Amino acid sequence: MSSLSPVQRLRTSGIFSIEGAESDVENNVWIIGNDDSAVVIDAAHDHERIARGLGDRELMAIVCTHGHSDHINAAVALADLTDCPILLHPDDAGLWHQVYPYREPDAPLLHGEVLRAGDTELNVLHTPGHTPGSVSFHAPELGVVFSGDTLFPDGPGATGQPVSDFPTIIASIRDQLATLPGDTVVHPGHGESTTVAEAAAHLDEWSSRGF
């Protein structure tokens, strides 16, 4: 019997830089697993803090919800420390290379894949819009989905950047996330969590307001 919760949240702080602009940001780093092994969703800002959070568990993989710098800027250092692969959707390769011009992710994340994190299965859902390669990870037996920057309690993630698209993110939420069981807890890349039912109730309102 595992003594650790299968889902742990670490908060890390640092700088988000895109298109030459920088801002301070706090990220959620999610550790999914059991007493022996785990997967990290979004290695943000502080690889040493994440490594301490893992303790002596084997890190099986670092999986990236998308390629923005604040979600991947500790990934390579953590991967080098723990000797584990980094997985990213291929459509975010351009964003990845803005941070790591000389290093490739180790493997692609593809829609419909199932990853194992300790005793937990994570289903990969391609949820583009915030970025072309944004993905969410659904853990059906835990009743949670990790939405990255696709879905927050107050609406979709930002779509003001050149690679973002608002109609696409609305379609992703409607077709991939709002179809999950209503009591599924949505754990985003920043801030607090919500539920699928709560988000689905506001989807038309968000769609018509346009952000």
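The values are calculated or read from the model by the stated rules, or taken from the named source; none is laboratory data. On a predicted model such as this, the values are computed, not experimentally measured, just so you know. Neighbour counts run over all protein chains shown; Cβ positions are idealised from the backbone, glycine included. Please note that ligands, DNA and RNA were not included when accessible areas were found on the heavy atoms of the full protein model with its side chains. Shrake-Rupley method; radii C 1.70, N 1.55, O 1.52, S 1.80 Å.
Does Glu26 qualify as being open to solvent by 10 Å² or more (accessible area, probe 1.4 Å), under 17 Å from the mean Cα position of the chain (by Cα) and within 24 Å of Thr131 (Cβ to Cβ)?
yes
I'd like the full set of residues that are in contact (Cβ under 8 Å) with a residue 24 or more places away in the chain and open to solvent by 30 Å² or more (accessible area, probe 1.4 Å), limited to segment 84-104.
Pro85, Pro90, Asp91, Ala93, Gly94, Gln98, Val99, Tyr100, Arg103
Looking at Gly191, Gly182, Gly129 in this structure, which one is surrounded by 21 or more Cβ atoms within 10 Å (Cβ to Cβ) and in a loop (DSSP other than H, G, I, E, B)?
None of the others qualify; the one that does is Gly129.
Being β-branched (Val, Ile, Thr), at pLDDT 95 or above and over 14 Å from the mean Cα position of the chain (by Cα) is the filter here; which residues of segment 118-175 pass it?
Passing the criteria: Thr120, Thr159, Thr168, Ile169, Ile170, Ile173.
All but one of (1) among the hydroxyl-bearing types (Ser, Thr, Tyr); (2) at pLDDT 95 or above; (3) surrounded by fewer than 24 Cβ atoms within 10 Å (Cβ to Cβ) hold for Ser2, so report the exception by its number.
(2)
Mind checking which residues of segment 41-83 are open to solvent by less than 40 Å² (accessible area, probe 1.4 Å), of a type outside the set (A, V, I, L, M, F, W, C) and either assigned to a strand (DSSP E or B) or farther than 27 Å from Asp24 by Cβ (or both)?
Correct list: Arg57 only.
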